[in-house]
Each structure stands twice: as structure tokens, then as C-alpha cells.
Amino acid sequence: MLKLSTVAGPIGIFDSGYGGLTILHGMRQLLPQYDFLYLGDNARAPYGPRSFDVVYEFTRQAVMRLFEMGCHLVILGCNTASAKALRTIQQNDLPKVDPNRRVLGIIRPTAEIIGQLTTTRHVGVLATEGTIKSESYNLEIQKLYPDIVVSGVACPFWVPLVEYNEADSPGADYFVKKRIDQLMLLDSKIDAIILGCTHYPLLMPKIVKYVNPGVRIVPQGEYVAESLRNYFIRHPEMESKCTKNGTVHYLTTENPDKFKESAQIFLHENVEVNNIVLS
């Protein structure tokens, strides 16, 4: 049985790797007064190709650890975890562990905003294989906007391009153009494209280069941050459980030195990080 403190604590952000740092960045820009605790399960990334059961188990382990470390609210800053694990954790685990704690994902906030960003009502999603196969974006968008047509394409090489610091290389152009062309062939009426992986904003210069004029690109960071701010307005009881000293702490299941090096690609700053074991 978990021993959970009732004292206020930081906002937990979990990702399988580094991409959630773009979500963290968006939150720090909009909500700089809050404390954040970021946990990256880098040793077991990527989650995209893994089964629903494995992603759920890994995500549950991370969420429970963040709860143990004082978080009352955990954001799954990972599309794959949001697609494959969020609902089970919310419905099965939270009632048993602590019905007053909350775990939120990043797919719903993006789905909520997309209705305001498309005129043609044809939307594209570029994401990992796991997120595309889950059809989570299709389901969430069509719950809210039944008139919107959603098409998705998996981009298996985009995450390695970012993590190996090749996002600006000439070789990246081939992989970016190929997937955008594939998406637009599926539906030429698309006028808004969701970047359904938190790594993809780092490929933005290449993406903008190959999309048709007038097609809006939708990264998640700013919209998830805005959604969290609105959530706090609607749920002051949760907002009061989040401490406000403007601090950020980082944890990784992999080598801290490697995390520090890669985090610079996403945050453009030096970070201090500690190792953690999940089980």
C-alpha cells in the first residue's frame, strides 16, 4: 500500500523520454509560479511500439512514484501513455490509491482546441505508430466534433532525428517531407495538422517548409498549458495542492549525464537530474 502525504507538492510530469520536456516548457512559460517534477523513463523508451499492457504497467509505475514523491496531480506528457494507459489508470487505479489525486493526459486538450483551428473540418495527425494505431485522436476529436474528418500517419523516424540532434540536418528533410506528403495524399482538404508526438515541435522548421500554404500546424505545449490553467480555475481544490516556488526538478531512469545532454536540445538550458529506478 502506498504511503501518500496530504501536504501540497509539485505538479508531476511523466514521459517515456524527452518529448514531454516540450510540454513542461509550455507550462513553465504560462504557469512559471508552480513547482514541477519531471520524470523521464528514458531507460525503457520508446513506448510507441510497445503493447497496451506494457505501456500501462510502465506508466502506472511512474505515476505511483510521483504520487509517493508528493504530487497530487500528474500530467502524462506523452501521447503514447495518454493513448494507452490514461483511461485505465483513471478508472481502475485512482479509486483504489487515492480518489482525490488526478492524472491528466495531453490528447484531450489538443482535441478540444482543434475545432477552433480548422475551417475545412479536415484534420491530420502526425504521431508515433502506437498513437496512430490507438486511434485516440480520432476518437477524442469525433466525440467533440462529429463533423471533423481525421486522418493520421505514423512517423517512425522522427523521434530519433530529434534525439540524435539531427532535426536541422539535410537528411531530416527526406523523412519529414515523405510523411507530410503521405498525409496530404490521404486527404488533400486537411487545413490543420496536429503534431501528436511531443518531440515533433523540434522539427517545426522542416515541417513548415513542406506543408501547403494555409495549413495550420498544431504543437501541443501551449494548448496543454492553457488547458491546465483552465483546469485549475475549475478545480481550485486541486490548484491549492500544487506548491508555488517556481522550481523544476528532473528524474530519469537512465544515465543522468545523457539526460542532461539531451535536455539541452529541448530546453536550451543546463539542468540538474537524478537517477531513479521504477518497478
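Can you tell me how many residues in region 224-272 are within 19 Å of Gly70 (Cα to Cα), in contact with a Gly (Cβ under 9 Å, 6 or more places away or on another chain) and among the β-branched types (Val, Ile, Thr)? Of the residues in region 224-272, 3 are within 19 Å of Gly70 (Cα to Cα), in contact with a Gly (Cβ under 9 Å, 6 or more places away or on another chain) and among the β-branched types (Val, Ile, Thr). A count restricted to region 34-70 and to residues that are among the aliphatic types (A, V, I, L, M), open to solvent by 30 Å² or more (accessible area, probe 1.4 Å) and under 16 Å from the mean Cα position of the chain (by Cα) stands at 1.
Evaluating Asp147 against the criteria (1) surrounded by 15 or more Cβ atoms within 10 Å (Cβ to Cβ); (2) at pLDDT 95 or above leaves one unmet condition, (1).
Quick grid of which residues meet (1) outside any helix (DSSP H, G or I); (2) surrounded by 13 or more Cβ atoms within 10 Å (Cβ to Cβ); (3) of a type outside the set (Lys, Arg); (4) under 19 Å from the mean Cα position of the chain (by Cα):
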position	(1), (2), (3), (4)
Leu203	no, yes, yes, yes
Lys209	no, no, no, no
Pro213	yes, no, yes, no
Val224	no, yes, yes, yes
Asn230	no, no, yes, yes
Ile233	no, no, yes, no
Glu237	no, no, yes, no
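The rows are residues; the columns are (1) of a type in the set (Lys, Arg); (2) under 15 Å from Ile190 (Cα atoms).
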residue	(1), (2)
Leu117	no, yes
Arg121	yes, yes
Leu126	no, yes
Glu129	no, no
Gln142	no, no
Pro146	no, no
Val149	no, yes
Val153	no, yes
Leu161	no, no
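The residue pairs whose first member lies in region 40-67 and is over 19 Å from Leu24 (Cα atoms) and modelled with pLDDT under 90, whose second member is surrounded by fewer than 21 Cβ atoms within 10 Å (Cβ to Cβ) and small (Gly, Ala, Ser), and whose beta carbons are closer than 9 Å, counting only pairs six or more residues apart or on different chains, are Gly48/Ala154.
Per the listing Gly130, Gly196, the residue uniquely within 24 Å of Leu24 (Cβ to Cβ), modelled with pLDDT of 95 or more and surrounded by 14 or more Cβ atoms within 10 Å (Cβ to Cβ) is Gly196. Considered as a group, the residues in region 88-114 that are farther than 14 Å from Val74 by Cβ and of a type in the set (D, E, K, R) include one that is least open to solvent (accessible area, probe 1.4 Å), and that residue is Glu112.
The values are calculated or read from the model by the stated rules, or taken from the named source; none is laboratory data. Remember, it's a predicted structure, so these values are computed and weren't measured experimentally. Heads up, the Cβs are rebuilt from the backbone with ideal geometry, glycines too, and the neighbour counts pull from every protein chain shown. The protein model used for the area step is the full one, side chains on, heavy atoms only, and it has no ligands, DNA or RNA in it. Shrake-Rupley method; radii C 1.70, N 1.55, O 1.52, S 1.80 Å.
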